[in-house]
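K.L.:
Below you will find the structure I want to go over with you.
The values are calculated or read from the model by the stated rules, or taken from the named source; none is laboratory data. Just so it is clear, the structure is predicted and the values come from calculations on it, not from any experiment. Glycine gets a Cβ as well: all are built from the backbone with ideal geometry, and neighbour counts include every protein chain shown.
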Amino acid sequence: PLTTTRELFAKALKGKYAIGAFNVNNMELVQAIVEACEEEKAPLILQISKGARQYANPVYLKKLIEAAVSLSNIPIAVHLDHGDSFELCKQCIDEGFTSVMIDASYEPFDKNVEITRKVVEYAHKHNCVVEAELGHLVGVQFDEGEEGGGYSKSGHYTDPDEAVKFVKLTGCDSLAVAIGNSHGAYKFKGDQRLDLERLKAIKKALMDAGLGDYPLVLHGASSVPQYLVDEINKYGGKLQDARGVPEADIEVARRLGCAKVNIDTDLRLALTAGIRKVLWEKPSEIDPRKYLGPARAMVKELVRHKVRNVLCCAGH
Ligand code: G3H
Ligand code: 13P
Ligand code: NA
Ligand code: ZN
């Protein structure tokens, strides 16, 4: 059934597991993710970015998800990923999303608060929950800050005390944190890791402020599995020095109270590896089902592994 994330997060935090939030753009991704989670009895968040809406058309995505919900028995939340304005969030809430992210983290603190509060007010009137973000992910564009705009190399890590202030002022239901995480397949140079001590400090500050076991969200949680990078390169691709978050770090983040873990890049890698392999080995193949089918199967196995072994939400 279609669900909100409030109860999902509460149960996840109690059980020290995390809900996987997987990005979808097309039918094969929706099918792969939902089938894996259905077979693993894992609660699920399907998330849609602004770019996904532009690519697939919101109506197609809505109908695909309706099909998935009607054909499965697991709880599924439908979430807007990185909503960048009140208007976009409102549109999605009006369309029936059960959760939206307002990401105004590119704005100064006060403006971020103002926009987020406006979204929370509207969302809560319409039975929808809100994820917000404080701090800059590494490599994400921003306008202000110590580097005077442009791209932040170091990111701007979430400050624990600011996080408390932000949650209290906005009433947001979950908070995406910046702790050295970033999007995409090139996350770290050298042995840079997540600042898990900071994550612990943010969690503790929220707890001490009376906000309870508050749900944090980890963006950029793809691990960029080496076997997928190798497959892609073996079959004509060119990914050099691709690097993700070690799965062991995701497991620590989960135990520290990240209730939602965002994964997109790993899905892209699995789908691409599957397509490349078939087209490389059978250059005469022109039936999309013959390469999208195996690619879909690879995404499904990847999601199965995540929910079973990394997020540990299988069976819940
Ligand atoms: O935030 C990044 C997600 O992976 C979505 O990516 O904006 O290219 O759809 P996208
Ligand atoms: P990855 O690029 O690591 O998959 O992160 C996805 C994400 O955070 C979507 O919001
Ligand atoms: Na999101
Ligand atoms: Zn993200």
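K.L.:
Report those helices (runs of 4 or more DSSP H) wholly inside the range 1-56 carrying at least 1 residues which are within 21 Å of Q91 (Cβ to Cβ) and touching a strand residue (DSSP E or B) at 6+ places or on another chain (Cβ under 8 Å).
P.N.:
Hits in the range 1-56: 27-40, 50-56.
K.L.:
From (1) closer than 18 Å to A314 by Cα; (2) in contact (Cβ under 8 Å) with a residue 40 or more places away in the chain, pick out the condition that doesn't hold for V24.
P.N.:
That leaves (1) as the condition not met.
K.L.:
Hey, among A209, A270, A295, which residue is closer than 30 Å to L169 by Cα and touching a helix residue (DSSP H, G or I) at 6+ places or on another chain (Cβ under 6 Å)?
P.N.:
Going through A209, A270, A295 in turn, just one is closer than 30 Å to L169 by Cα and touching a helix residue (DSSP H, G or I) at 6+ places or on another chain (Cβ under 6 Å): A209.
K.L.:
I'm trying to understand the selection: among the residues of the range 81-105, which are under 23 Å from I33 (Cβ atoms), away from ligand 2 (no atom under 16 Å from the Cβ) and outside any helix (DSSP H, G or I)?
P.N.:
G96, T98
K.L.:
Counting only residues that are part of a helix (DSSP H, G or I) and of a type in the set (V, I, T), which one in the range 252-270 is nearest to A10 (Cα to Cα)?
P.N.:
V252
K.L.:
Hey, another quick one. Considering only helices (runs of 4 or more DSSP H) fully contained in the range 123-242, which possess at least 2 residues that are over 21 Å from R254 (Cα atoms), within 13 Å of ligand 2 (Cβ to nearest atom) and modelled with pLDDT of 95 or more?
P.N.:
Per the criteria, no element qualifies.
K.L.:
What do you reckon, is D84 surrounded by fewer than 23 Cβ atoms within 10 Å (Cβ to Cβ) and in contact with a Phe, Trp or Tyr (Cβ under 9 Å, 6 or more places away or on another chain)?
P.N.:
Yes.
Per-residue answers, yes or no, for (1) surrounded by fewer than 19 Cβ atoms within 10 Å (Cβ to Cβ); (2) β-branched (V, I, T); (3) away from ligand 1 (no atom under 16 Å from the Cβ):
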site: I202; (1), (2), (3): no, yes, yes
site: M207; (1), (2), (3): yes, no, yes
site: G210; (1), (2), (3): yes, no, yes
site: L218; (1), (2), (3): no, no, no
site: V224; (1), (2), (3): no, yes, no
site: R255; (1), (2), (3): yes, no, yes
site: V261; (1), (2), (3): no, yes, no
site: T265; (1), (2), (3): no, yes, no
site: I275; (1), (2), (3): no, yes, yes
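K.L.:
Among the candidates Y60, Y55, single out the residue that is over 20 Å from T3 (Cα atoms) and hydroxyl-bearing (S, T, Y).
P.N.:
Within the list Y60, Y55, the selection yields Y55.
K.L.:
Looking at (1) farther than 18 Å from N127 by Cα; (2) touching a strand residue (DSSP E or B) at 6+ places or on another chain (Cβ under 9 Å), find the lone condition where A67 falls short.
P.N.:
The one condition A67 does not meet is (2).
K.L.:
Still on this structure, I have one more. Regarding V78, is this residue away from ligand 2 (no atom under 13 Å from the Cβ), among the aliphatic types (A, V, I, L, M), surrounded by fewer than 20 Cβ atoms within 10 Å (Cβ to Cβ) and on the phi < 0 side of the Ramachandran plot?
P.N.:
no
K.L.:
Within the range 249-284, restricting attention to residues that are among the charged types (D, E, K, R) and under 19 Å from E131 (Cα atoms), which residue is nearest to ligand 2 (Cβ to nearest atom)?
P.N.:
Applying the filter and picking the extreme gives D264.
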